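> After the structure tokens below, expect a handful of questions from me.
Just so it is clear, none of the values below were taken in a lab; they were calculated from the coordinates. Since the structure is predicted, the reported quantities are computational estimates derived from the model, not experimental observations. Cβ: placed from backbone, ideal geometry, glycine included. Neighbour counts: every protein chain shown.
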Amino acid sequence: MHPTIIKMKEVVASGDDNKIHEILAEGVQFMPPTYWATWTGREPVAAVLGHVGQVFSDFRYRRVMGEGNDWALEFQCKVGELDAVGVDLITLDDDGLIAKFEVVMRPLKSVAALREAMNARVMTDPRFLEYRKALG
């Protein structure tokens, strides 16, 4: 297994955006399961993933599939009291950092609860106001 994937398994659910930051490429693209948009850049993606790690509970990876630069990590977790399963689709760059991070998740009720919890967190995190200004 690639060292970045091993580290990802250790830090993604931690909610520690500093540790997550270390495994992300500068121009990383993150596609969340909650809406059709892409977060771009190490700083905002680390911040988003840090919040996600705090919203999820009982998070664990069940299976890891892949080789080279392309990986799929199946997970299960809770969002509040709701169960959820999903897959992190990861593409690494030539330096072994995460360049693309797409999340697919179900069921819809859990994804909706995740979106609600994330919106509440983003609205109280001053970093996101800066990211929104930078995006124009």
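> Using θ = phi - 60° and the Karplus curve 6.51 cos²θ - 1.76 cosθ + 1.60, what whole-Hz ³J(HN,Hα) does each residue of segment 34-42 get, with Gly and Pro shown as x?
8, 6, 8, 7, 10, 8, 10, x, 4
> Then there is this: Which whole-number value in Å³ per residue fits the convex hull of the alpha carbons of segment 1-59?
87
> Another question, if that's okay. All other residues with a Cβ under 13 Å from the Cβ of residue 10 taken together, and with Lys, Arg as +1 and Asp, Glu as -1, what is their net charge?
Its environment carries a net charge of +2.
> Follow-up question, since we're still on this one. log₁₀ I(q)/I(0) of the chain at q = 0.14 Å⁻¹, via Debye over equal Cα point scatterers, no solvent, to two decimals?
So the normalised log intensities are -0.59.
> Using θ = phi - 60° and the Karplus curve 6.51 cos²θ - 1.76 cosθ + 1.60, what whole-Hz ³J(HN,Hα) does each residue of segment 58-65 get, with Gly and Pro shown as x?
Working through the residues one at a time gives 6, 6, 7, 7, 8, 9, 10, 10 Hz.
> Want the number for residue 60 to residue 85: 0.36 nm per residue separation, take away the alpha-carbon distance, what's left?
Value of the extension gain: 8.0 nm.
> Given Cβ point charges of +1 (Lys, Arg) and -1 (Asp, Glu) and nothing else, what value in debye, to the nearest 20, does the dipole of the chain about its Cα centre take?
Here the chain has a charge dipole of around 460 debye.
> Still on this structure, I have one more. Contact order normalised by length for the chain, with contacts defined as Cα pairs under 8 Å and 6 or more residues apart; what percent is it?
This gives 22 percent for the chain.
> For segment 79-91, just list the computed ³J(HN,Hα) in residue order, Karplus coefficients 6.51, -1.76 and 1.60, θ = phi - 60°, integers in Hz, with x standing in for Gly and Pro.
10, x, 9, 8, 7, 8, 10, x, 9, 8, 9, 10, 10
> Can you give me the long-range amide H partners of residue 59? Hydrogens built in the peptide plane at 1.01 Å from N, cutoff under 5 Å, separation of 5 or more residues or another chain.
Long-range HN contacts for residue 59: 78.
> Tell me the label-point distance for the pair residue 119, residue 18, using the 7 Å Cα-to-Cβ offset, in nm and rounded to one decimal.
3.2
> Please go through segment 1-98 and write out the chymotrypsin sites (Phe, Trp or Tyr not before Pro) that DSSP classes as loop and that have at most 14 other C-beta atoms within 10 Å.
35, 36
> Moving on to the next point. Where does the charge balance sit around residue 19 when Lys and Arg score +1, Asp and Glu -1, over other residues with C-beta under 10 Å from its C-beta?
-3
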